[in-house]
């Protein structure tokens, strides 16, 4: 799967924790990932840069890094 179809309910994954995400379109990716990074950072007591480097976002079988997900938002 190379194309993401919206709306989509998915999740960000970091250190075996899951943050649910619902997207109506690509314009929401940046905002939702910022929420996920902040939550993981607080919950796991990690720096935001560490979370961004290790977090994966699932798009129904397409697992993207933070940077790859942000490229989809652009």
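Taking the helices alone, the chain has a mean residue ellipticity at 222 nm of -12500 deg cm²/dmol, built from -39,500 (n - 2.57) per DSSP H run of at least 4 residues and averaged over all its residues. Maximal additional length on extending the residue 65-residue 42 stretch stands at 6.3 nm, based on 0.36 nm per residue less the C-alpha distance.
Measuring how big the chain is from its alpha-carbon positions, Rg and Dmax come out at 11.4, 33 Å.
Any read-out appearing in this document is the output of simple, stated calculations on the displayed coordinates, not a laboratory observation. All of these numbers come straight from a predicted model, not from anything done at the bench.
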